[in-house]
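Peer 1: Can you read through this structure? Questions will come right after.
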Amino acid sequence: ENGKIYALDAKTGKSLWQASIKGEIINAPAIDSGIVVVNSASGIMKAFNANNGEELWKVEQDVPALTLRGISAPVVASGGVLVGTAKGGVNVYLLDKGQQGWSTEIGEATGTTELERVIDVDSAPVVFGDKIYSISSRGHLAAIELKSGRIIWKRQYSSYRQMSIYRNTIFLTNLRGHVYAIDRVNGIERWSNLALANRGVTGPAVIDDYVVVGDFEGYLHWLNQATGEIVARNEIDGSGIHSTPTVAGKVLYSQSRDGDLQAIGIPDIIKAEQ
């Protein structure tokens, strides 16, 4: 939160280098081809040599007077850095030089007050093949051509939570806590689950045949991936779950606000609820 970037030796934890950036860093950096890219809440994004911390380039993006307290994590794909912006767009920059390529707007400011006109793209763009999928906190879910930035289709969904894609389905949680499955090819809605409304639901994580979301009371909800039906629940911690669970293989990891971390196997939780 103080704008510090640290590089540690993965085996020993020894500090290798550190650097600074103006503004809070409240999302993950990206790394590719020996370059680390860090985005900050002030609109500044910097690239560093991953080996020694040398600053390679810096870009400054415009930030409106009022934004959500969140920023898009940068994503590296095909030699470019993709990042959502506080002005409701998705920008691409060349990884090696920081020069801007295309910029595509997906947010839609429709209100009269500054609060109503907040259209941040805080969810990191998701790259799938030759397409990018991105969503605004007020506006649209859009499929974008990676090479040109051309919008292929867009639908009226709004979210600042991270999306997940599995095969031809996009899973997302909207501002009200509704969970959706959207066809990746054409944007048509496959199912929706409205049962978790107003529960501060996290972004969805896909594991095996299930979609998992956490909530502000500290529960994980397991939804059938094909139908959206809730098939199981388990409590992590009463302090609440605010970050999207992480999946590695057949294990789901979830951390509560108080720091309680759990690793959960699929058969254990499903069998326990049956």
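Peer 1: Which of the peptides 14-22, 137-145 is most tightly packed, and how do the rest follow, judged by the mean count of other Cβ atoms within 10 Å per residue?
Peer 2: Listed from highest to lowest mean packing, they are 137-145, 14-22.
Peer 1: Excluding T85 itself, calculate the net charge of residues whose Cβ lies under 10 Å from the Cβ of T85, where each Lys or Arg counts +1 and each Asp or Glu counts -1.
Peer 2: With Lys, Arg at +1 and Asp, Glu at -1, the net is -3.
Peer 1: Report in % the part of the accessible area of the stretch 132-236 that belongs to carbon and sulfur, leaving out ligands and nucleic acids; probe 1.4 Å.
Peer 2: Its accessible area is 42 percent carbon and sulfur atoms.
Peer 1: Can you figure out the FRET efficiency of R176 with Q156, using R₀ = 22 Å and their beta-carbon distance, to the nearest 0.05? Working shown, then result.
Peer 2: Numbers: r = 13 Å, r/R0 = 0.60.
Efficiency, from the Cβ-Cβ distance: 0.95.
Peer 1: Compute the projected area of the convex hull of the Cα atoms of the stretch 135-209, averaged over all viewing directions, and report it in nm² to one decimal place.
Peer 2: 5.2 nm²
Peer 1: Run the reach check for K46 against lysines, Cα to Cα strictly under 21 Å, same-chain hits fewer than 8 apart removed. What comes back?
Peer 2: Result set, ordered by chain and number: K4, K22, K58, K87, K97.
Peer 1: What number, rounded to the nearest 500 deg cm²/dmol, is the helix-based mean residue ellipticity at 222 nm of the chain, given -39500 (n - 2.57) per DSSP H run of at least four residues and division by all its residues?
Peer 2: -1000 deg cm²/dmol
Peer 1: Might you report the magnitude of the Cβ-based charge dipole of the chain about its Cα centre, with Lys and Arg at +1 and Asp and Glu at -1, to the nearest 20 debye? Kindly include the intermediate steps, with their values, before the conclusion.
Peer 2: Working: 26 positive and 30 negative charges, 96 e Å.
The calculation lands at about 460 debye.
Peer 1: Could you list log10 I(q)/I(0) for the chain at q = 0.13, 0.14, 0.15, 0.16 Å⁻¹, which the Debye formula gives when each Cα is one point scatterer?
Peer 2: Log-scaled intensity ratios, in q order: -0.91, -1.05, -1.19, -1.31.
Peer 1: At R233 and E145, where each label point lies 7 Å from the Cα along Cα→Cβ, what is the point-to-point distance in nanometres?
Peer 2: 4.6 nm
The values are calculated or read from the model by the stated rules, or taken from the named source; none is laboratory data. Just so it is clear, the structure is predicted and the values come from calculations on it, not from any experiment. Heads up, the Cβs are rebuilt from the backbone with ideal geometry, glycines too, and the neighbour counts pull from every protein chain shown. Note: areas computed on protein heavy atoms with side chains; ligands, DNA, RNA excluded. Shrake-Rupley method; radii C 1.70, N 1.55, O 1.52, S 1.80 Å.
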